[in-house]
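Engineer: I'd like to ask some things about the structure below.
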Protein chains: 4
Amino acid sequence: MKKARAGSWQGYWTTKIGWAEAGKILVRGYRAEELIKNVSFAEAAYLVIRGELPTRAQAQALDAVLRSGLDQAFISSAVPPARFAASAAPEAPAAAIAAGVIAFGSVTGSPRECAEMLVSAHQTLARDKVSPAEVARRTVARYAKDKRRIPGLGHPVHKRIEPRAAALRAIALGLGVWGERAQLFDAIAREATRRFNHPLPANLAGTVAAVLLEIGFDPLEMVGLGVLSYLPALIAHTTEEIREGHPLRIIPPELGARYAGPAERPLPASHAKRRAGRA
Amino acid sequence: MKKARAGSWQGYWTTKIGWAEAGKILVRGYRAEELIKNVSFAEAAYLVIRGELPTRAQAQALDAVLRSGLDQAFISSAVPPARFAASAAPEAPAAAIAAGVIAFGSVTGSPRECAEMLVSAHQTLARDKVSPAEVARRTVARYAKDKRRIPGLGHPVHKRIEPRAAALRAIALGLGVWGERAQLFDAIAREATRRFNHPLPANLAGTVAAVLLEIGFDPLEMVGLGVLSYLPALIAHTTEEIREGHPLRIIPPELGARYAGPAERPLPASHAKRRAGRA
Amino acid sequence: MKKARAGSWQGYWTTKIGWAEAGKILVRGYRAEELIKNVSFAEAAYLVIRGELPTRAQAQALDAVLRSGLDQAFISSAVPPARFAASAAPEAPAAAIAAGVIAFGSVTGSPRECAEMLVSAHQTLARDKVSPAEVARRTVARYAKDKRRIPGLGHPVHKRIEPRAAALRAIALGLGVWGERAQLFDAIAREATRRFNHPLPANLAGTVAAVLLEIGFDPLEMVGLGVLSYLPALIAHTTEEIREGHPLRIIPPELGARYAGPAERPLPASHAKRRAGRA
Amino acid sequence: MKKARAGSWQGYWTTKIGWAEAGKILVRGYRAEELIKNVSFAEAAYLVIRGELPTRAQAQALDAVLRSGLDQAFISSAVPPARFAASAAPEAPAAAIAAGVIAFGSVTGSPRECAEMLVSAHQTLARDKVSPAEVARRTVARYAKDKRRIPGLGHPVHKRIEPRAAALRAIALGLGVWGERAQLFDAIAREATRRFNHPLPANLAGTVAAVLLEIGFDPLEMVGLGVLSYLPALIAHTTEEIREGHPLRIIPPELGARYAGPAERPLPASHAKRRAGRA
């Protein structure tokens, strides 16, 4: 990261993305009105984020990624926080959505970790001139040794196949964008299934990571794209909660709450005394 | 809002949006893999939020709305909070995006307020059997009397025309979805310009509100759709900040900070004494 | 709200709260190091927010308010979103806390609504020269007529007494800060119990509102003070979740999830066709 | 992290922090009303987060930490996002505060990184039986080699002394809680100043980390405590913004905005054609 030159704050907020002045908006050099009239949402999103317009296959693949999130109801870490927030603060629906967006982290929801693994594996492939199967073997071995979950594989509910992931992969294959890094992802999934001796299907975050890498995105940008693909679900759930939900959402014992702290105990005598002397 | 039946927590989290079980995901009744293979992102988003698939014109109008946000750099209340947050917490890019999402409120960014005005104006039209021009006159008079800004009109930078709003309106006209409520919005804009004697162009939030009303959305849902249309910009700005920004963003006096509080003053003597006696 | 003078952005970010320059920090006119050495956290918080140091009784009452939140585990709308977010994004604990903070809204958690009711009731008392009991009668009647919940009264779990609210009220009485507006709150609670013929105990948000009004805060500031009193609980829950929780939190059918949407249905034939023609 | 036993969701939400049932709230085993009546906010916060009541010195040190944040106006990464959000969404003050909370990350605002460095340095001290000066030398050398900023040292504005940090350290010394790990922090600061040949004063996050370690907190908990110490400032700034700020905050060119992207360019001809064929 760069520092502002000492003594100067000019250009402290420099951007290459867009610019607006009276009656004129440029986005990556193009006039906003031209873009709105002539490109699709997926093309516009690609341009805004990557800086250049996509090819037709790239745009179609991005549209497929964006429509793959859809909704899984409460089999999601992002929907419940959005609904709790909407239940408590229905006057602020954007903030409720934001509470859900915060839950797109390293454990679930974000394709970033899988993409970083694939970038690293692909560099090994190029550098060490070994086969994809060997790179997959090394990758899985390293995660197994560190007892870490392999990002992009496995799902708590979809044990054999993640239907969204499978559909997205089929589309990417059809568009000719399931390239080397995506094929490495296949190899890693096969090797993991072999090594652990039970199916570890590609999940959606992993498949999204593979497709987005192939169409030119880098891992950091994928966090936000994962959010974007889930935003219709977050909109639907927050509005459903505000219209038809419960105004005072809690988690009662009947739905899993349990106390495992100390049993009831009296305050140490010293505390009552201390307060008496202080007030 | 409904209460859970006393004594029963079954179905406390009931949804009509989607459902997932091992290997099978339903979204509004359709299989997720069928949707991913056969509909566009705009169609999928419409379905998830509204419950039914859109017509072709509705889907095309929604895609146009979603691509109309694009980016305006720092002429936005949402980009700066996202960039400050990304600067301070680059390890959490989704949370930085969330900081921007929170800024889609009643003052700027959300089409909701304009849509509520149009719904109310349209009810007046139907109920009182008066002309659109008369409804517009009453609407503008009411805001003028209350000294409130008319939602959907005017922009601090684009004083004569908002190019994104104009392009979106042209597309909606071409698709045949610029209906009665949207035309009421035109009438209100004309009346406001006449009454205040200076141009008050339709802004993007207002034009988005008009289009979304005409294709079947209700005002509450528009908050999230406004967020969605701006998400590519938030993704681009947070990643640009993390890669090329400043790691310790502040607002220095050179960029507008000023102190207008009390001049330096000593603590009242009582405070030093009180503390001495307490510690 | 004021506008910046046209053509000038100087002082765009003017504040009366504090100021920092090399080696020197002023807070409401006092040197930061003097405050840190000589006042308590409650005194400092009062000063930062209100602009002047509190009296001793005001400071003690504020400390009592701040320690009254404590924790109620999952009988809270703020703890679950924070824990879901911490489960999914353990790398960003501040953001997980923020997901909980978002849930301090109008329905629960915020003393603001009750405080606004008390301010309005107190104005009636002064203006119309009627008894507190009569003001309480009118207030309760208005909420009953509008079928709205009376803010500050009732609790889904604590049906007869809210122990935190009762303890806070006792302290405020002891400190001599349970004044006219707080007594109006008592009168409203009595009247509500009489009218609805079942106990509607003062809840914590209501009692906090009464105390904070009496020591000089205004309703808007109470939203943040409600957050502050609950922050230790949010810190404890997010760290407990990160250390001992579940890494992929969901809501399964066993814990209340249920689908009430359309049964499985095929895509309309038109969609498959449309897509085929477009790709 | 533990998994729920397969097939059982009982106790999915188990906590050791607190519990509430009709009329009774336990916090770490103590009755809520007893705590509110007999302990201070700092004691209560310690108990809620750590599980046991603090000693008197620990409580006083924690109170000092909490009051050390105070306010630095716009020399902060958290205040600007909160004010931008409050400007755009004044109807949601808690959410505006949350936008500021999100900005407590690894780069600034959080004591966590410094605390982790001190824990690691202290382990080296114990394990390798070397002097604090030698541990400091190794620690600084490692950061210098990796060209990483040493957490807890240096400030963009306070180049010679951070007055809040100095006051907090003085209080901790007076309370007898400036122990081995805090003294290691002193040693690291001295070594850094020696090695880089210019003053690198302890900043507030670093001093807070040293004190909190000595009174029993672990690094993860410090993120939230850093937030807590800054919450009065966030409350004051969001309310000041809502009352006296600007309703459409932007960053204009006069305050540092600049465009460095591509100059205006026409859309590639292919795009206009593609759209024409698709609509």
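The values are calculated or read from the model by the stated rules, or taken from the named source; none is laboratory data. Note that this is a predicted model, so its numbers are computed, not measured. Quick reminder, even Gly has a Cβ in these numbers, built from the backbone with ideal geometry, and neighbours come from all protein chains shown. In case anyone asks, the SASA skips ligands and DNA or RNA and just uses the protein heavy atoms, side chains included. Shrake-Rupley method; radii C 1.70, N 1.55, O 1.52, S 1.80 Å.
Engineer: Tell me the carbon and sulfur percent of the accessible area for chain D, rounded to whole percent, probe radius 1.4 Å.
Structural biologist: 52 percent
Engineer: Then there is this: Could you go through segment D:70-86 in sequence order and give the Karplus-derived ³J(HN,Hα) for each residue, using 6.51 cos²θ - 1.76 cosθ + 1.60 with θ = phi - 60°, rounded to whole Hz, and x for Gly and Pro?
Structural biologist: Each residue's phi maps through the Karplus curve to give 6, 7, 10, 6, 9, 7, 6, 8, 9, 5, x, x, 4, 6, 4, 5, 5 Hz.
Engineer: Moving to a separate point now. What is segment C:138-247's relative contact order, in percent, from Cα pairs under 8 angstrom and six or more apart in sequence?
Structural biologist: Over segment C:138-247, the number comes to 31 percent.
Engineer: Moving on. So how do D:39-51, A:211-223, A:69-81 stack up, highest first, on mean other-Cβ count within 10 Å?
Structural biologist: Those peptides, ordered most packed to least, come out A:69-81, D:39-51, A:211-223.
Engineer: Further question on the same structure: Can you give the average number of partner chain beta-carbon atoms within 10 Å of each beta-carbon in peptide A:152-158, as a whole number?
Structural biologist: Mean partner-chain Cβ count within 10 Å for A:152-158: 4.
Engineer: Would you mind checking segment B:197-228 for residues with the amide N under 12 Å from a putative spin-label position 7 Å along Cα→C-beta of B:Arg142?
Structural biologist: none
Engineer: Follow-up. Which residue fluctuates most in the GNM of chain B (Cα springs below 10 Å): B:Gly256, B:Gly29, B:Gly100?
Structural biologist: B:Gly256
Engineer: Okay, next question. With a sphere of radius 12 Å drawn around the Cβ of B:Phe185, what net charge do the other residues whose Cβ falls strictly inside it have (Lys, Arg +1; Asp, Glu -1)?
Structural biologist: Neighbourhood net charge equals -1.
Engineer: Using the scaling law 2.2 N^0.38 Å as the reference, what is the normalised Cα Rg of chain B?
Structural biologist: This ratio for chain B stands at 1.29.
Engineer: For label points placed 7 Å from Cα toward Cβ, what is the shortest-first list of nm distances from B:Asp146 to its copies?
Structural biologist: Reported distances to equivalent positions: 1.5, 5.6, 5.6 nm.
Engineer: Where the only charges are on Cβ atoms (+1 Lys, Arg; -1 Asp, Glu), what is the dipole of chain C about its Cα centre, to the nearest 20 debye?
Structural biologist: Around 1340 debye, computed over chain C.
Engineer: Another question about this same structure. Shielding by partners for C:171-177, please: the mean number of other protein chain Cβ atoms within 10 Å of each residue's Cβ.
Structural biologist: Mean partner-chain Cβ count within 10 Å for C:171-177: 1.
Engineer: Residue by residue through segment B:45-56, what is 3J(HN,Hα) from phi via Karplus (6.51 cos²θ - 1.76 cosθ + 1.60, θ = phi - 60°)? Round to whole Hz and write x for glycine and proline.
Structural biologist: 4, 4, 4, 4, 7, 8, x, 9, 5, x, 5, 4
Engineer: For A:119-131, what's the mean count of beta carbons from other chains sitting within 10 Å of each residue's beta carbon?
Structural biologist: Shielding by partners across A:119-131 averages 0.
Engineer: Can you give the translational diffusion coefficient of segment C:190-279 in µm²/s, computed by Stokes-Einstein from the Kirkwood radius over Cα pairs at 25 °C and 0.890 mPa s?
Structural biologist: Rounded, D is 124 µm²/s.
Engineer: Need the C-alpha centroid separation for segment C:36-83 versus segment D:144-177, integer Å.
Structural biologist: First find each Cα centre; the distance between them is then 26 Å.
Engineer: Right, here's the next one. When a/c is below 1.5 the answer is rounded, else prolate if a/b is larger than b/c, else oblate, so apply that to segment B:88-235 with a ≥ b ≥ c taken from the square roots of the Cα gyration tensor eigenvalues.
Structural biologist: Since a/c reaches 1.5 and a/b is larger than b/c, the shape of segment B:88-235 is classed as prolate.
Engineer: For label points placed 7 Å from Cα toward Cβ, what is the shortest-first list of nm distances from A:Gly179 to its copies?
Structural biologist: 4.5, 5.6, 7.1
Engineer: About its Cα centre, how strong a charge dipole does the protein assembly as shown have in debye, to the nearest 20, once Lys and Arg get +1 and Asp and Glu get -1 at the Cβ?
Structural biologist: Its charge dipole is roughly 0 debye.
Engineer: Determine the relative contact order of chain C: mean sequence separation of Cα pairs under 8 Å and six or more apart, normalised by residue count, in whole percent.
Structural biologist: This gives 24 percent for chain C.
Engineer: Quick one, what does Rg over Rh come out to for segment C:171-231 if you take C-alpha atoms and the Kirkwood Rh?
Structural biologist: 1.01
Engineer: So if I place +1 on the C-beta of Lys and Arg and -1 on the C-beta of Asp and Glu, and nothing else carries charge, what would the dipole magnitude of segment C:157-279 be about its Cα centre? I want it in debye, nearest 20.
Structural biologist: Value, rounded to 20: 980 debye.
Engineer: Can you give me the solvent accessible area of D:Arg137 with a 1.4 Å probe, rounded to the nearest 10 Å²?
Structural biologist: It works out to around 100 Å².
Engineer: Is there a pair in C:Lys16/C:Lys37; A:Lys37/B:Lys159; C:Lys24/D:Lys147; C:Lys24/D:Lys37; C:Lys16/D:Lys159; C:Lys159/D:Lys37 whose C-alpha atoms are over 26 Å apart, and which pairs would that be?
Structural biologist: C:Lys24/D:Lys147; C:Lys24/D:Lys37
Engineer: Check which residues have an amide H placed less than 5 Å from D:Gly105's amide H, if you skip close sequence neighbours.
Structural biologist: When sequence neighbours closer than 5 places are left aside, the close amide H contacts are D:Ser110.
Engineer: Would you kindly derive the ³J(HN,Hα) couplings of segment D:157-173 from the backbone phi angles with the Karplus curve 6.51 cos²θ - 1.76 cosθ + 1.60 (θ = phi - 60°), listing them in order in whole Hz, with x for Gly and Pro?
Structural biologist: 10, 8, 7, 9, 8, 9, x, 5, 5, 5, 5, 5, 4, 4, 5, 4, 4
Engineer: Near the amide H of D:Arg258, under 5 Å away, which other amide H atoms are found, from residues 5 or more places off or on another chain, if H is placed in the peptide plane?
Structural biologist: HN-HN under 5 Å from D:Arg258: A:Trp13, A:Thr14, A:Thr15.
Engineer: Here's another thing I want to ask about it. Can you list the distances in nanometres, one decimal and ascending, from the D:Asp128 label point to the identical position in each other copy, with the point 7 Å along Cα to Cβ?
Structural biologist: Inter-copy label distances (nm, one decimal, shortest first): 3.1, 7.7, 8.2.
Engineer: What Kirkwood radius, in Å to one decimal, follows from the Cα pairs of the protein assembly as shown?
Structural biologist: 30.3 Å
Engineer: If the elastic network links every pair of Cα atoms under 10 Å, which of C:Ala88, C:Ala103, C:Ala192 fluctuates the most in the Gaussian network model of chain C?
Structural biologist: The residue that fluctuates most here is C:Ala88.
Engineer: Convex hull over the Cα atoms of segment A:73-136, averaged projected area in nm²?
Structural biologist: Projected over every direction and averaged, the Cα hull of segment A:73-136 covers 5.7 nm².
Engineer: With a 10 Å cut-off between alpha carbons and a GNM built on chain C, which of C:Arg28, C:Arg258, C:Arg112 moves the most?
Structural biologist: Answer for the Gaussian network model of chain C: C:Arg258.
Engineer: What translational diffusion coefficient, in µm²/s and rounded to a whole number, does the Stokes-Einstein relation yield for segment B:1-80 at 4 °C and a viscosity of 1.567 mPa s, taking the hydrodynamic radius as the Kirkwood radius over Cα pairs?
Structural biologist: Answer from the Stokes-Einstein relation: 83 µm²/s.
Engineer: Taking amide H positions as placed in the peptide plane 1.01 Å from N, state which residues far from D:Lys159 in sequence (5 or more) or on other chains have amide H under 5 Å from it.
Structural biologist: The list, which skips near neighbours in sequence, is C:Gly23.
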